[in-house]
Each structure stands twice: as C-alpha cells, then as structure tokens.
1. Looking at the stretch 189-205, which of the residues that are open to solvent by 10 Å² or more (accessible area, probe 1.4 Å) and over 19 Å from the mean Cα position of the chain (by Cα) is farthest from Thr164 (Cα to Cα)?
2. If you take the residues of the stretch 76-85 that are open to solvent by less than 30 Å² (accessible area, probe 1.4 Å) and either modelled with pLDDT under 95 or not in a loop (DSSP other than H, G, I, E, B) (or both), which of them is nearest to Asn37 (Cα to Cα)?
3. Pick from the stretch 96-110 the residues that are part of a strand (DSSP E or B) and among the hydrophobic types (A, V, I, L, M, F, W, C): which of them is nearest to Pro86 (Cα to Cα)?
4. If I go through the stretch 111-132 residue by residue, how many of them are of a type outside the set (Gly, Ala, Ser), outside any strand (DSSP E or B) and closer than 30 Å to His196 by Cα?
5. Please determine whether any residue of the stretch 26-44 is open to solvent by 10 Å² or more (accessible area, probe 1.4 Å), in a loop (DSSP other than H, G, I, E, B), closer than 29 Å to Val232 by Cα and modelled with pLDDT of 95 or more.
6. Looking at (1) of a type outside the set (Phe, Trp, Tyr); (2) in contact (Cβ under 8 Å) with a residue 40 or more places away in the chain; (3) open to solvent by 60 Å² or more (accessible area, probe 1.4 Å), which one does Leu88 not meet, given that it meets all the others?
Amino acid sequence: MIRRVVGTLGLLAVAAAGLGLATGLAQAHPAAPQAANATTHITVAASEFKFVFSKRSIPAVGTVIFTVVNKGKISHNFKIGGKATPNLLPGKSAKLTVKFTKKGHYAYLCTLPGHAGAGMKGTFSVGVAAVKPPPPTTTTPTTTTQPTTTTSTVPVGNGKTTVTVNMVEYAFQLSQSTIPSGQITFVINNKGNEVHNFAILGNKAGAQIAPGTSETWTVALPPGTYNYQCDVPFHASFGMVGQFTVTP
C-alpha cells in the first residue's frame, strides 16, 4: 500500500513538472501577429458615388485580393497600386490582385469621368493606421442640359420615320438630324462600353441600357427644335448632347 501511494505521488509530481514546462514555453513564445506577405481578401462595394470596404487596411506588407462588386446603377471601376478592374456594369464584379511591398497609404479611385470628383476616391493603408474616410458628400452630381425644347403650335404631321441612334463614349450618332413631323421611331443602340440613355428633353427619356443592348420607342413630334442628352451623371458634360429638327 505504501509503495502504491509513493508511486502515485511520483506520477503527480512528474505531471505537474510537465505542465509547468509547457506553460513556460507558451509564455516564452506568444502567438505571432499576422505575418508579412500574407494574402488578405477584401470586398469593395462600388455605388453612386462611393466605395465601401470590408477592411480599409492590412497590418503588414502583403498581397490583397480585392473583390469589387458594382452595386450601383451605372458603370464603375476600381484602381489601386497601378492596377485597375475593367469597367463593371451594374451587378457585375471582378477580382483585382495587388502585392503591396512597402508600408504606406495607397490611393484608390474610380477612373470614369467625374466619378472620383463625386467621392469615389480615398486611401488604403498598409502597415500603418488607416485614414478615416471623409464624410459623405451632400452635393448631388448634376448633368449639363440644353435649353428647354421649343415646338411650334402646328399639329403633328403624318410622317412615319425611323431614326437610328448609336451611343458611344461620349457622343450620339443619329442617322438623320432633320425629321418630318409625325410618328418618329427611335432605334437606340448602346455601342459604347458604359451605361447610356437617350433622352429628348421635355418629351421622352429612354432607359439606361448596358453596352451591346438596344431599345426602341416611338413619339409623336410636331415641328420644332428638340434637344437631347444622356442622363447618366457627367455624360452630358462630357459631350453627350445634341439637337435635331422636326420639319412640317
């Protein structure tokens, strides 16, 4: 019986010694912070007119895989570290892999005309404290408009005309600019790389359509001068405006 007690006490002493050694080793080697050159996945949501990041910084130099999702209603892109996504249509996404080799603040922006100025820009931080994003702007981007449409009091004519409208960056191409009064059918094609629309001021605004798509609608127009533009923010100011004449 005495031998059993002594043996048990000996085993307990060895176990206690082992536990103390393990504790000492754990204290000597605490959990390491995120290693340099690690790969981080970050989601970036783009909309009108801002970016929202799942993380605005990483603690050390390394690689970041940005998943950029366009949650807006018009095209956007994302550029950082000398790399950029393609222009993304609403609802589309793309991945952008960037290797950051130096600590610091890296500028990002949407390169589409007017978008950065409207708020789609900022800095992403690597190995340094993140910069607090600026407060949301309360300014609503405006488009440049032509003078109000003026028409004559002459009744609508009996003409039936089809006009093809091609939209590109940043211009309209009409098959004709002088049209007889009557029922005018506009066949509108987006041949550009961004979302566009065709709006006859004071009469009809077409839908904002994606590249490679088209729409057709008909309006009855009396004689007069008509101004048109693209309603997508900034596009009119970049040249997507024009004028056509409806003759008696």
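The values are calculated or read from the model by the stated rules, or taken from the named source; none is laboratory data. A quick note: this is a predicted structure, and the numbers were derived from the prediction, not measured. Ideal geometry is used to build each Cβ from the backbone, glycine not excepted, and the neighbour counts take in all protein chains shown. Note: areas computed on protein heavy atoms with side chains; ligands, DNA, RNA excluded. Shrake-Rupley method; radii C 1.70, N 1.55, O 1.52, S 1.80 Å.
1. Gly202
2. Here is the first cut: in the stretch 76-85, the residues open to solvent by less than 30 Å² (accessible area, probe 1.4 Å) are 76-78, 80, 85.
Next, only the ones that are either modelled with pLDDT under 95 or not in a loop (DSSP other than H, G, I, E, B) (or both) stay: 76, 80.
Details: His76: 29, Ile80: 18 Å.
Per the criteria, the residue is Ile80.
3. Step one: of the stretch 96-110, the residues part of a strand (DSSP E or B) are 96-100, 104-109.
With the extra rule that they be among the hydrophobic types (A, V, I, L, M, F, W, C), the set shrinks to 96, 98, 100, 107, 109.
Working: Leu96: 10, Val98: 15, Phe100: 21, Ala107: 18, Leu109: 13 Å.
Across the stretch 96-110, the extreme among qualifying residues is Leu96.
4. Initially, the stretch 111-132 is screened for residues of a type outside the set (Gly, Ala, Ser), giving 111-113, 115, 120-121, 123-124, 126, 128, 131-132.
Next, only the ones that are outside any strand (DSSP E or B) stay: 111-113, 115, 120, 128, 131-132.
Remaining after also requiring closer than 30 Å to His196 by Cα: 111-113, 115, 120.
Number of matching residues: 5.
5. Taking the stretch 26-44 as the starting set, the residues that turn out to be open to solvent by 10 Å² or more (accessible area, probe 1.4 Å) are 26-41, 43.
The next check asks that each one be in a loop (DSSP other than H, G, I, E, B); those that pass are 29-37.
This time we only want the ones that are closer than 29 Å to Val232 by Cα, so: none.
Looking for residues that are open to solvent by 10 Å² or more (accessible area, probe 1.4 Å), in a loop (DSSP other than H, G, I, E, B), closer than 29 Å to Val232 by Cα and modelled with pLDDT of 95 or more, one finds none in the stretch 26-44, hence no.
6. Going through (1) of a type outside the set (Phe, Trp, Tyr); (2) in contact (Cβ under 8 Å) with a residue 40 or more places away in the chain; (3) open to solvent by 60 Å² or more (accessible area, probe 1.4 Å) one by one, Leu88 breaks only (3).
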